Every structure is written in structure tokens, then in C-alpha cells.
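Asker: The following block contains the structure, expressed as C-alpha cells.
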Amino acid sequence: MFVIVVGLLLWGGAAHADPGEVAAIRDARATLEVRPHAEDEVWRNIRAGGLPLIEDHPEDADLRRVTFAIQAPQSVEAIRLDSVINAGEARRPVENYLTDFTLDMHQLAGTRIYYRTVDVPRDVSAAYSFLGLADQGWRRLTDRHNLVHLRGGAAEAVLMAEPRYRHPAIVPMPAAERVDARPMALESEVLGRSVFLERYALGGAGENDPVLIIYDRFLWGVRAPASEIVQRLQNAGDLPPMHVVLIDQLDPASAEQAYADQILFLSRELPDFLAEFGMAGPRILAGASRRGMVASIAALSAPDEVLAVISLSGSFYWAPRDELPRWPERQVGPASEDAPRFILAAGSLETVETSTNQGHIMLDTNRSMTTALSDAGYRAELLIYPGGHDIAGWRQALAVSLERLFAED
């Protein structure tokens, strides 16, 4: 379930943590009271149907009661749950991520079994993992008993509180149907480095077909392949032939120059480079978090050269040194006749105050940026997706944004 709004926040619900023990945990505790050495049997019973345990909420049909569980390695002394669903219980502001945002899990009756129950919106999709404390510090552990994971080695598991809300475009393509990436390298004078790219020609894309350009080759090439999302949408008849180009990374040092080098790269160097390789069609700039913000300000700097922007959880609270927060809003000038379209997405759980955003939370700043764009004459939409600041929500938001972008008006 997605909500499309323009300049209006409809819902900002968050998870409610630790509502009490569910029946499976109570049964396990009762068994251990009678047979303290039955840990392995108890653990088999808990994980028998897969994890996490998902139940209807006893009082609210819009929520699901979710119990995460893990049998920790012998050396682990404590376990914490790391997921965007923790947003409702996060300390404000979040200054220490470990102690302020992740949740302590409960140890079951002296065993190596740890659990935590959380109430979450029924349509939410979120990545999660466990943090285990051992002699060498905290290390990440994945949930091996959840069948749904992101792609890549040791990747996080994904909570889908109600699978029927999964967008069909995020279902992995069969290996035989996947389009292989074509690696490319651009020697960028503007960025002062080699930029490594991946290019996918999808649906028979030709020279003048759209080019979807996305920051973060690992995120969108490995963990949640954007090429497969586009393929699924094309197969459903929702997208035209299209090229997908993945940029390796966003240079952290670019922040010191208000991303002026990234803007030049996206508006000058990269288009010329792509045109040499038969990709001269209209460009769609996309990215998540800081990368979504950069895509947006790059389009504002060269509005007649970009078809659209898809910004996923754009960091519009950001400002250069010695500037007030929400600097990107102040870069919005009047829209030209051929101005790009903007689709901004933010998660329903993105309500967390941090020392970085100084209280300018993602939902508020994306709403405010959408309003600024609309007031300036741009076609701008705010999409609130059911999730938080992670790839599990972003991949669904990307699919919906692309559908919206190419839907017939």
C-alpha cells in the first residue's frame, strides 16, 4: 500500500516495541522451567515455521505483531536488533546509533536464545539483522531462518509483515532472463578520478530511449538490482525500452563544495560520455538518501536537460557549512516550460531525529521540498512508502515511482 500526496503528510506511524511475550515464547519458557536442558528442542519449535514469527495484532487490524529470534553463537554475550522498524522506540535525538536506535533483545531463561517482539504496520517492508557482542566487539549476524533476504553475501534478512503487499517488480528475475551488465569506466576531470559504471540495455533500448541513472552501483547492482525491477515493469507493459546506468558512488568530499562537482559531472561529463555509447535519450536521475538530494539539485541546475528525478528518502535537511538547514529548498527557482518532473519518496517510519538532521526529519523535509517544487511550478509528487531508511523500502518505492512516471495521464 502506497500513498501519493502533494505537499501533504497523511501518516507518520511508527513501530511500537516490546508489547509482551507471544505464545511461542511463553510455551518455550514453560518447557524450559520443567526441562532446563531442552534448549535445542525449544529452538527447533520456535523456528519450525520460519522466522520472524508474525501474528495478527489483538487490537489493531493495521498492525502485525512480529517476534524476532536468534540462537546466538556460544561466544556472544548480548544481542541487539538493528532495523528501521525501531524508529518508534529510538531515543531523540539519536546520537549513538548502537545505544539510541538498536533494540536490546531478551535472553530466554539462561539459554542462547534471544527474542524481541515489536508491533509494526502491516504493510511495512524492512531489512533487519542482529548485532552480537563478543570478545572482539559487536558483529553483524543475519537471520538464517528467514527465507527472504537482500542479495549479496551475508545480506540482511527482510521483514515483510504481510507478503501480499510486496510489489511484483521486486521479485528476482530468473537467472536465465537477467540482462548482464556492461562495465564502463569514465576518466572524470571534474571528479578527479575514474568513475566505474554499469550499463544495462533493457527491452531493446535504442539510442534515443530513456536513460535511468542511479547512484550506488553496489546498492542497485547487487543488493536490489534496479535492472531487474525495470525488466519486471517492462514485462508488465508499464515501462518503455530503457537504459539503466549505475554510478559507482557519491564522493563524500563533494559535500565541501555543495556538490558542485557532482552537478557538473551529471549535467556535462556523463551525458557526453553516454551519448558516445548510444545512450542519448532523455535522462532520469535517481538515488537514495544523500544521493537523492544530489540528483534533485543537479536537475535544478540544468532543468532543461533532465526528464525527471526520483529521489528516495532525499536528505533535504542538509546544508553546506555555515548555511541554515534545508538548503536545497532555497535552490528552487521558477520552473521552465520543459522543467523536469520530480517524484520524492519518504518512508512512513522516517520520523527519527538525529544529531545530523538536527530535528529536521525525513518525512517533514521531503514534504517541504515537494511543496517548494510545486509552488515554483514543477510537477512534484510526494510518495510515502511503508518502511524506513533502507533498501527494502527503497526498491518498492523505485518501482512505484517508475510506474507513476510513465503512467498515462
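The values are calculated or read from the model by the stated rules, or taken from the named source; none is laboratory data. The model shown is predicted, which means the values in this text are computed figures rather than measured ones. Here the Cβ is made from the backbone with ideal geometry for all residues, glycine too, and neighbour counts use every protein chain on show.
Asker: Restricting attention to segment 45-68, does a residue exist that is within 20 Å of Thr351 (Cα to Cα), β-branched (Val, Ile, Thr) and surrounded by 21 or more Cβ atoms within 10 Å (Cβ to Cβ)?
Answerer: Checking segment 45-68: not a single residue is within 20 Å of Thr351 (Cα to Cα), β-branched (Val, Ile, Thr) and surrounded by 21 or more Cβ atoms within 10 Å (Cβ to Cβ).
Asker: Can you tell me which of Leu219, Leu197, Leu212, Leu191 is surrounded by 20 or more Cβ atoms within 10 Å (Cβ to Cβ) and more than 29 Å from Pro386 (Cβ to Cβ)?
Answerer: Leu197
Asker: Next question. Name the residue, out of Leu250, Leu246, Leu219, that is in contact with a Gly (Cβ under 7 Å, 6 or more places away or on another chain) and closer than 29 Å to Pro328 by Cα.
Answerer: Residue meeting the stated conditions: Leu246.
Asker: Just checking, which of Phe196, Phe130 is among the aromatic types (Phe, Trp, Tyr), on the phi < 0 side of the Ramachandran plot and not assigned by TED's automatic domain parsing to the domain that holds Ile79?
Answerer: Criteria check complete, one pass: Phe196.
Asker: For the subset of segment 380-409 comprising residues that are of a type in the set (Val, Ile, Thr) and in a helix (DSSP H, G or I), which member is nearest to Gly292 (Cα to Cα)?
Answerer: Ile391
Asker: How many residues does segment 77-102 hold that are in contact with a strand residue (DSSP E or B) (Cβ under 6 Å, 6 or more places away or on another chain), in contact (Cβ under 8 Å) with a residue 12 or more places away in the chain and over 17 Å from Leu63 (Cβ atoms)?
Answerer: 10
Asker: Sort through Leu131, Leu159 and tell me the only one that's at pLDDT 95 or above, within 18 Å of Gln74 (Cβ to Cβ), within 23 Å of the chain's Cα centre (by Cα) and assigned to a strand (DSSP E or B).
Answerer: Exactly one of Leu131, Leu159 is at pLDDT 95 or above, within 18 Å of Gln74 (Cβ to Cβ), within 23 Å of the chain's Cα centre (by Cα) and assigned to a strand (DSSP E or B), namely Leu131.
Asker: Something else: Based on this model, can you work out whether Ala181 counts as of a type outside the set (Lys, Arg) and crowded, with 20+ Cβ neighbours inside 10 Å?
Answerer: Criteria not met by Ala181.
Asker: Restricted to segment 329-349, and to residues that are at pLDDT below 95 and of a type in the set (Asp, Glu), which residue is surrounded by the fewest Cβ atoms within 10 Å (Cβ to Cβ)?
Answerer: Ranking the qualifying residues of segment 329-349, first place goes to Glu337.
Asker: Follow-up. List the pairs whose first member sits in segment 156-169 and is within 18 Å of Val84 (Cα to Cα), whose second member is of a type in the set (D, E, K, R) and in a strand (DSSP E or B), and whose Cβ atoms are under 6 Å apart, counting only residues at least 6 apart or on separate chains?
Answerer: So the pair list comes out as Ala161/Arg64.
Asker: Something else about it: Quick check on my filter: what residues within segment 38-85 are more than 15 Å from Tyr114 (Cβ to Cβ) and of a type in the set (S, T, N, Q)?
Answerer: Asn45
Asker: State the number of residues belonging to segment 171-225 that are outside any loop (DSSP other than H, G, I, E, B) and either touching a His at 6+ places or on another chain (Cβ under 9 Å) or among the aliphatic types (A, V, I, L, M) (or both).
Answerer: Of the residues in that region, 17 qualify.
Asker: Of all residues in segment 77-95, which are under 17 Å from Leu51 (Cβ atoms), among the aliphatic types (A, V, I, L, M) and more than 20 Å from the chain's Cα centre (by Cα)?
Answerer: The answer is Ile79, and nothing else.
Asker: Here's a follow-up. Sort through Val195, Val190 and tell me the only one that's hydrophobic (A, V, I, L, M, F, W, C), at pLDDT 95 or above and farther than 29 Å from Ala346 by Cβ.
Answerer: Val190
Asker: Would you point out the residue of segment 355-379, among those that are among the hydrophobic types (A, V, I, L, M, F, W, C) and outside any helix (DSSP H, G or I), that is farthest from Leu312 (Cα to Cα)?
Answerer: Restricting to residues being among the hydrophobic types (A, V, I, L, M, F, W, C) and outside any helix (DSSP H, G or I), the top hit is Ala376.
Asker: What are the residue pairs meeting all of these: first residue in segment 245-262, first residue at positive phi, second residue surrounded by 18 or more Cβ atoms within 10 Å (Cβ to Cβ) and part of a helix (DSSP H, G or I), Cβ atoms under 6 Å, and 6 or more apart or on different chains?
Answerer: Tyr259/Val294
Asker: Limited to segment 341-354, what total is found for residues that are over 18 Å from Gly88 (Cα atoms) and either in contact with a Ser or Thr (Cβ under 9 Å, 6 or more places away or on another chain) or in a helix (DSSP H, G or I) (or both)?
Answerer: Residues flagged as over 18 Å from Gly88 (Cα atoms) and either in contact with a Ser or Thr (Cβ under 9 Å, 6 or more places away or on another chain) or in a helix (DSSP H, G or I) (or both) within segment 341-354 amount to 4.
Asker: From the list Gly152, Gly203, which residue is surrounded by fewer than 19 Cβ atoms within 10 Å (Cβ to Cβ), modelled with pLDDT under 95 and within 30 Å of Glu269 (Cβ to Cβ)?
Answerer: Gly152
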